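A quick write-up on the structure given underneath.
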Amino acid sequence: MKVLGLDRVVIMVKDMDKALDFFSGKLGMDFLELDPEISKRDGVFSYICHETQVHLISPIFPIPKNAVPVFKQMELLEKKAAFLCAITFFVDDIEQTKKVLEESGHKILFQYKKSNDYSTIGLGNFEELIIRTSFNIVIGFVQYNHCKGNKKEIVKNKNGLKITELDRVILMINDMDEALEFFSGILCIKFKETDKETQENAYNRGCVSLDNHLHLVQPYIPMPESAPPPLQIASKLIQKEKGILSLSIFKSDDSRDSKNRMEKMGYKVLNSWEDDNDYASVGITNLYEYLFDTVDEVGLPTVISQWDEE
């Protein structure tokens, strides 16, 4: 078994039209649409942007009994417009992956057998395993062949803002050693840890795998009021939950220009990192990163980043 990289982050949204208007119409992402008959069978509308590794899903009621367990977390949409519900890794051998996961004590929640049902969203010969980790994160493991897919016609982006790729997915966890035991010990993913000074300044212990777009964060408890709002919220949540998918960070060719364009659209910057080299210990230098308040519109904050690799 070998993890070849992060395949996508799955975001469940209450209102798909509103989500597409934001991610595509405002951020410039190009999505493929799943065939409606397959959507109805699975119980979710489904759209993928492979370039930014974003998979948007929205429930179709009533949810069918055979729906994937992660699709049944509808109660979370009663309080929020969207949430990050899963991450998916591309692997070299799905059956060997299943064996490794089961031998390490992980129950397979759901398994897709090889199928071309998902070819309209660019996934040929698609197969997948889904588990929930001991620290409460839902993770999928996939194999498939890339195919052309079917582009969804959406309101064109008029803002000149183009997100180029997924930068990192932030996983908030309350036990870093437990998370590393899974990601490094079982999946063999290599991480670099932020230095002690950065941890003190950022109020968290952080471990980053740039190749796999993962950023593990164990917030300090108690969290000072000066910390960014998402970190404050996450520090409270993980006292109840062992882990949560917290943020998706997106890359731009010019994050400062993107910041200006986002502000012109009316979005407030909640926190910023400019000409920042605090994360040089994990390979990130000259960081220009901006956290925007987009919760009211899309249910999640948005982070746009640009940096040089050490």
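Values quoted throughout were computed directly from the atomic coordinates according to the rules given, and no laboratory measurement underlies them. Everything numeric here is computed off the predicted structure, so don't read it as measured data. Glycine also receives a Cβ, built like all others from the backbone with ideal geometry; neighbour counts cover every protein chain displayed.
Straight Cα distances below 18 angstrom link Lys80 to the aspartates and glutamates Asp15, Asp17, Asp21, Glu241, Asp293, Asp296, Glu297, with same-chain residues fewer than 8 positions distant left out. Relative to the globular-protein estimate of 2.2 N^0.38 Å, the Cα radius of gyration of region 3-146 stands at 1.02.
Kirkwood analysis of region 163-309, using all unique Cα-Cα pairs, places the hydrodynamic radius at 15.7 Å.
Volume of the convex hull of the chain (Cα atoms only), normalised per residue: 128 Å³. Secondary structure note: in the chain, about 80% of the DSSP beta bridges are antiparallel. For the residue pairs Lys14/Lys236; Lys14/Lys151; Lys107/Lys240, the alpha carbons lie no more than 26 Å apart in every case.
Ordered by the number of other Cβ atoms lying within 10 Å of each residue's own Cβ, fewest first, Asp275, Asp117, Asp17 fall into the sequence Asp275, Asp17, Asp117.
I'd like the GluC sites (Glu not before Pro) in region 127-177 restricted to DSSP loop residues with at most 12 other Cβ atoms within 10 Å, sorted by number. Here the GluC sites (Glu not before Pro) that fit, given the DSSP loop and packing criteria, are Glu153. Seen from all directions on average, region 232-310 presents a Cα convex hull projection of 6.1 nm². Taking the DSSP bridge list for region 228-310 and keeping only pairs wholly inside it, about 80 percent are antiparallel.
With contributions of -39500 (n - 2.57) from each DSSP H run of at least four residues, the per-residue ellipticity at 222 nm computed over the chain stands at -4500 deg cm²/dmol.
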